[in-house]
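Sending over a structure as structure tokens; questions will come in a sec.
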Amino acid sequence: MSTPVDNSLTNLKASTGQVMAIISTAWQIPLGPSHSALGQQVATLVADVVKEYGSGDGPLSGLIISCSKELLHVRNMVPKVWPDWHSIGCDNPRILRHAWYPKALAWKALGDPTFNLPTAAPPSTGPIPVNLPSPAIPASNVAGPSTNPIPKSQDKGKGKAVFPDLEPEAEGSKKRKSPLISGLSSQPPKSVMK
């Protein structure tokens, strides 16, 4: 003869199995209106399970907790989106921060891995080859050899030799004199003045 606790656990496992079957189905079909119907079915099942088993210290599958989190996450999103079925599973890291995490640990302690649906990676569509024609490049944009002489400001730089201008400067010239070339200077270098 079964006890009420056994019946309760059996009903919980049955509901968890239904949720798992719906999520597994959602993994297999392409996104579309059918995901809305699956979301409504799962939401109803999860709401019933939470109402029945959410209070108290009894076990609760991590799958149910994960599904509840995802459904709450997408419930008020605008524009409407479908649940991310691939993020729902017994090993979802969001369960660790959930208030019902002890219930998930109690579920694991039962030792029944039948309903431990792991999160799944989304199906990969693989690389999609796209053969686009290369755009035409106008002749005015094509780089060619430069015919302009290099200005003095670009001629200098690291690794470039700088040669002093040997021609005497005109009076009033504001050209900066190099301290190394003191031949035309009227003052002796500062080192000599000391």
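The values are calculated or read from the model by the stated rules, or taken from the named source; none is laboratory data. Because the structure is a prediction, the values reported are computed rather than measured. With ideal geometry, Cβ positions are generated from the backbone for all residues, glycine too; neighbour counts draw on all protein chains shown. These area figures cover heavy atoms from the full protein model, side chains too; ligands, DNA and RNA do not enter into them. Shrake-Rupley method; radii C 1.70, N 1.55, O 1.52, S 1.80 Å.
Share of segment 1-102's accessible area from carbon and sulfur, percent, 1.4 Å?
Carbon plus sulfur share of accessible area: 60 percent.
Given R₀ = 41 Å, what would the calculated FRET efficiency be for residue 81 paired with residue 52, taking r from the Cβ atoms and rounding to 0.05?
0.90
Need one word for segment 1-109: rounded, prolate or oblate. Basis is the Cα gyration tensor (sqrt eigenvalues a ≥ b ≥ c); a/c below 1.5 gives rounded, then a/b vs b/c decides.
Because a/c hits 1.5 or more and a/b exceeds b/c, segment 1-109 counts as prolate.
Now for a different question. Taking 7 Å along the Cα-to-C-beta vector as the label spot, tell me the residue 41-residue 105 distance in nanometres, rounded to one decimal.
Result: 3.5 nm between the two label points.
I'd like the accessible area for residue 82: 1.4 Å probe, protein heavy atoms, all chains in place, Å² to the nearest 10.
Its accessible surface works out to 100 Å², give or take rounding.
Sort 98, 73 from largest to smallest accessible area, using a 1.4 Å probe on the heavy atoms of the protein chains.
In descending accessible area the options line up as 73, 98.
Taking 7 Å along the Cα-to-C-beta vector as the label spot, tell me the residue 34-residue 97 distance in nanometres, rounded to one decimal.
With each label placed 7 Å out from Cα toward Cβ, I get 3.4 nm.
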